[in-house]
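Every number in this text was worked out from the coordinates using simple rules, so none of it is lab data. Fair warning: this is a prediction, and the values are worked out from it, not measured in the lab. Cβ sites come from the backbone with ideal geometry, for glycine too, and all protein chains shown count toward neighbours.
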Amino acid sequence: MSIRLENIHKRFGAFTALGDISLEARPGEFLALLGPSGSGKTTLLRIMAGLEFPDNGRVCFDGEDVTGLTVAERNVGFVFQHYALFRHMTVAENIAFGLNVRPRRQRPSRAMIAARVQELLDLVQLGSLGQRYPAQLSGGQRQRVALARALAVDPKLLLLDEPFGALDARVRKDLRRWLRELHDRVGLTSIFVTHDQEEALELADRVVVMDHGVIEQVATPLHVYNEPASAFVFDFVGESNRIPVQVRGGKLFYLGQPLDVPTIGADGPSELFFRPHDAAIVKDDAGAIPALVVQVRPKGAGVRVEGKLIGIDRPFEIDVALDEAPEPGRIIALKPGHPRIFPVSREIDG
Ligand SMILES: Nc1ncnc2c1ncn2[C@@H]1O[C@H](COP(=O)(O)OP(=O)(O)OP(=O)(O)O)[C@@H](O)[C@H]1O
């Protein structure tokens, strides 16, 4: 199923939670809504589910306008972090819930429901735990039951709001992979809310980066990481160093000195961004950025060098090979690789 949002606006009193959101998820796609707390991710997901209604705009499923339909009429599956399992019901009863509450004429027979529950238990790899109660399961197992419950009604669209938020890092990572496989196997269209960039980049076909109720960028994980559309996206989707610079006549200046960095962009105050693993320590300090090394720590096969930029007292982090590790206390010359330059804007000031 495809889902299309057209010019969605949502206000809570005088506060605009969603500006003007237009977005499309293709059939079978796995989309991640990524953004900081309060950026409007959950509100957007609730609007798709039919738990919240927009002030303006349309929600279409497979081209059909469903904006006015309730959650019960939309047949979507959803898993919310705080949408807990029913404690007084067994795992099997929890999974069967959505089928059992159907009006009599639409309800499958008891035997069919039991068979469907077993099929879902097998799918989420909890085959023999149907008679347990939620309190007798681990957090990760509970979230898998919540997923099975969401899938019981055969939704074409699965909406997930930080479903693994409360779990520890290891379990989270395993469940993430498992969820992606499940999505592919069942042939769903899934939309996943997270504020964790690693989760979004690892799971999604495309990432929707949101801030202050608007979409900053929609692109594949590789594209948002390597070609971020704004300073906000650069900062939010990975580790970054940001340095205040001036663009003048196609050249870049840092504290009045020219930097040996290719520049495209309009004249004016700007910020230079680069990732820690894209920087090098160079011998020649002409055109480079002087920095004081404070700490050197192991990182992967190399080291993470941390310290302060000389002249502006701003921290930096770069990753270099072990045999290039500088001594703490030394002054080095930094050369950014794959730099991006953005004019100074609201996000950077903020
Ligand atoms: N029912 C409501 N009444 C008033 N304001 C609301 C309501 N629901 C959400 N908001 C506000 O709308 C904004 C967006 O909230 P939303 O929950 O969509 O953000 P989010 O990106 O999902 O954040 P988080 O990651 O913290 O869950 C927030 O500033 C929030 O306080």
Please compute P(r) over all alpha-carbon pairs of segment 136-232, binned at 10 Å starting from zero, and give each bin as a whole-number percent.
14, 45, 31, 9, 1
Would you compute the Debye intensity of the chain from its alpha-carbon atoms alone, equal scatterers and no solvent, and pass along log10 I(q)/I(0) at q = 0.12 Å⁻¹ to two decimals?
-0.93
Full-stretch length increase - residue 330, residue 115 - with 0.36 nm per residue and alpha-carbon distance subtracted:
70.6 nm
Approximate spin-label separation residue 166-residue 97, in nm, with each point projected 7 Å along Cα-to-Cβ
1.3 nm
Karplus ³J(HN,Hα) for segment 162-172 (6.51 cos²θ - 1.76 cosθ + 1.60, θ = phi - 60°; Hz, whole; x = Gly/Pro) runs 6, x, 10, x, 8, 9, 6, 4, 5, 4, 4
Amide H contacts of residue 17 (H built 1.01 Å from N, under 5 Å, at least 5 apart or other chain):
10, 11, 12
What are the trypsin sites (Lys or Arg not before Pro) within segment 51-99 that DSSP puts in a loop, where the Cβ has at most 16 other Cβ atoms within 10 Å?
87
Please give the contour-minus-distance gain from residue 257 to residue 283: 0.36 nm per residue of separation, less the Cα-Cα distance, rounded to one decimal in nm.
7.6 nm
Total lysine pairs whose alpha carbons fall under 21 Å of each other in the chain (8 or more apart, or interchain)
9
Near the amide H of residue 242, under 5 Å away, which other amide H atoms are found, from residues 5 or more places off or on another chain, if H is placed in the peptide plane?
none
Tell me, in nm to one decimal, what length is gained between residue 323 and residue 223 on full extension, where the rule is 0.36 nm per residue of separation less the Cα-Cα distance?
32.9 nm
From the backbone phi of segment 53-64, what are the Karplus-calculated ³J(HN,Hα) couplings (6.51 cos²θ - 1.76 cosθ + 1.60, θ = phi - 60°) in whole Hz, Gly and Pro given as x?
10, x, 6, 9, x, 10, 10, 10, 10, 6, x, 9
Beta bridge orientation in segment 3-232: antiparallel %, DSSP, nearest 5:
50 percent
Note down the nm distance, to one decimal, between modelled labels 7 Å out along Cα→Cβ at residue 301 and at residue 56.
5.4 nm
Dipole of the chain, positive direction: furthest Cα of 254, 148, 115, with charges on the beta-carbon:
115
Residue-wise, which Karplus ³J(HN,Hα) couplings in Hz belong to segment 86-94, taking 6.51 cos²θ - 1.76 cosθ + 1.60, θ = phi - 60°, and x for glycine or proline?
6, 6, 8, 10, 5, 4, 4, 5, 4
